[in-house]
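Inspection log for the structure reproduced underneath, given as structure tokens.
The values are calculated or read from the model by the stated rules, or taken from the named source; none is laboratory data. All values reported here derive from a predicted model rather than from experimental measurement. Positions of Cβ are backbone-derived with ideal geometry, glycine not excepted, and every protein chain shown enters the neighbour counts.
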Amino acid sequence: MSFSISSDFVAEQNRKAEGALAEDYAALGRQLDRRGIDVEAMTARAAQFAVAVPTWGVGTGGTRFARFPGPGEPRNVFDKLEDCGVIHALTRVTPNVSPHFPWDKVSDVSAFRQAAASHDLGFDAVNSNTFQDQKDQKLSYKFGSLSHADKAVRAQAIEHNLECIDIGRKLGSTALTVWIADGSNFAGQSSLNAAFDRYMEAMREVYDALPKDWAVFIEHKLYEPAFYSTVISDWGSSFMAASELGPKAKCLVDLGHHAPSTNIEQIVARLIRAQKLAGFHFNDSKYGDDDLDSGSVDPFRLFLVFNELVDAELRSARGFAPAYMIDQSHNVTDPIESLMQSAIEIARAYVQASLVDRKALEAAQGENDALGAHRIVKQAFITDVSPILAEARRRKGGAIDPIGVYRASFYRREKTRERPASGVAAAGIV
């Protein structure tokens, strides 16, 4: 019988921490009350926040140099769903998973959906993969996919995306995320304009096949694996493509897919204004597309991104309905622990941004009070909202200390016994 973390075990572990949490929650409530903020209202906001976890994220990641398989890692998509279910059971903030095809392709889609439901999980956007050659694939994507010079290769890539839409529809998803690795490593290797034109021609076929209530998320990336040029390299290229395709095409922002020091929150603000923000792949980076745990390197940047998102939410910005997803590669940590920690940090940034005194900030900005405006934003960022997050989890049946409960359960040890090492779990670095 497969090992699982029972709700009784979670409740038992919570009882050990409830006293301290009650004290911390009351103290934070008094602190916020002095600022005219209702702690219960903030807890309600924390309780309704959600971010999707990637199925590929529960497998051990890797780099172009090596991959070191982890103990008890998933052998198939059903193991992945089991691990994703643990993350949601303990954090209560990750009710949906984002699958990747063909990594997660199964012969029985109905069984896939039922397995997810058994873990109290639904489905977010589905992801296509034309950045790798798969077993028994007829044509190679070595020199591109949707923008390939050979029409036959483009047709193959289009067909794969259409298949992803079909699978996603059966799962209950309403969005397709498309990221391509297409680009060049040498000047003159590819016509920069012709490659984009071919991409647009191919994406038009994908766009036209979208169900009525679906959207396609166009994901850009500055570089890698192509280093001289990338077909969809930045938010400008993504915005251009989405604008030409139509209202169901939007721009997805991966926090690691920009040049160092890029003002990502300003990009977010522009896309919100243009009603073209699809959502996010949350992660963190030091140098490039590092796919590190969210908030582990630059938590202030994550907060500033959410400052724009919460502002748009509170003023009911037109067309604002972003999809929040995590996209990380876990090379040296337990993937379940990293995803739980990231989900908590993303929720933290959301609640912190909700603490910003919007009226005071607008007044300071109108008076050109630079430092005053910055202090208002910074005050929200330095507020420790951990008690709010923990209380929201507790009220929803989650763990006050998710990682602590996970470790106390010895889940990883039990899964190591159940899942013989295979080294084949797909991590995915996109």
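Out of ARG393, ARG315, I need the residue that is at pLDDT 95 or above, out of contact with any strand residue (DSSP E or B) (no Cβ under 8 Å at 6 or more places or on another chain) and surrounded by fewer than 17 Cβ atoms within 10 Å (Cβ to Cβ). Which one?
ARG315 is the lone residue from the list that is at pLDDT 95 or above, out of contact with any strand residue (DSSP E or B) (no Cβ under 8 Å at 6 or more places or on another chain) and surrounded by fewer than 17 Cβ atoms within 10 Å (Cβ to Cβ).
Quick grid of which residues meet (1) buried (at least 24 other Cβ atoms within 10 Å of the Cβ); (2) among the hydrophobic types (A, V, I, L, M, F, W, C); (3) under 21 Å from the mean Cα position of the chain (by Cα):
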residue: SER118; (1), (2), (3): no, no, no
residue: ASP136; (1), (2), (3): no, no, no
residue: HIS148; (1), (2), (3): yes, no, no
residue: VAL153; (1), (2), (3): no, yes, no
residue: HIS160; (1), (2), (3): no, no, no
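Residues LYS135, LYS142: which one is in a loop (DSSP other than H, G, I, E, B), at pLDDT below 95 and over 15 Å from VAL216 (Cα atoms)?
Exactly one of LYS135, LYS142 is in a loop (DSSP other than H, G, I, E, B), at pLDDT below 95 and over 15 Å from VAL216 (Cα atoms), namely LYS135.
Would you confirm, using the coordinates I've provided, whether ALA347 is modelled with pLDDT of 95 or more, small (Gly, Ala, Ser) and in contact with a helix residue (DSSP H, G or I) (Cβ under 8 Å, 6 or more places away or on another chain)?
yes
Output the residues belonging to the stretch 211-233 that are in contact (Cβ under 8 Å) with a residue 40 or more places away in the chain, farther than 16 Å from HIS258 by Cβ and within 22 Å of the chain's Cα centre (by Cα).
Once the filter is applied, which keeps residues that are in contact (Cβ under 8 Å) with a residue 40 or more places away in the chain, farther than 16 Å from HIS258 by Cβ and within 22 Å of the chain's Cα centre (by Cα), the stretch 211-233 yields TRP214, ALA215, VAL216, PHE217, PRO225.
For the stretch 92-108, state whether one or more residues are basic (Lys, Arg) and either assigned to a helix (DSSP H, G or I) or buried (at least 18 other Cβ atoms within 10 Å of the Cβ) (or both).
Checked the stretch 92-108: at least one residue is basic (Lys, Arg) and either assigned to a helix (DSSP H, G or I) or buried (at least 18 other Cβ atoms within 10 Å of the Cβ) (or both).
Go through the stretch 334-378 and give me each residue that's buried (at least 16 other Cβ atoms within 10 Å of the Cβ) and among the charged types (D, E, K, R).
Answer for the stretch 334-378, where residues must be buried (at least 16 other Cβ atoms within 10 Å of the Cβ) and among the charged types (D, E, K, R): ASP334, GLU337, GLU345, ARG348, ASP357.
Can you tell me how many residues within the stretch 1-27 are touching a Gly at 6+ places or on another chain (Cβ under 9 Å) and surrounded by fewer than 12 Cβ atoms within 10 Å (Cβ to Cβ)?
1
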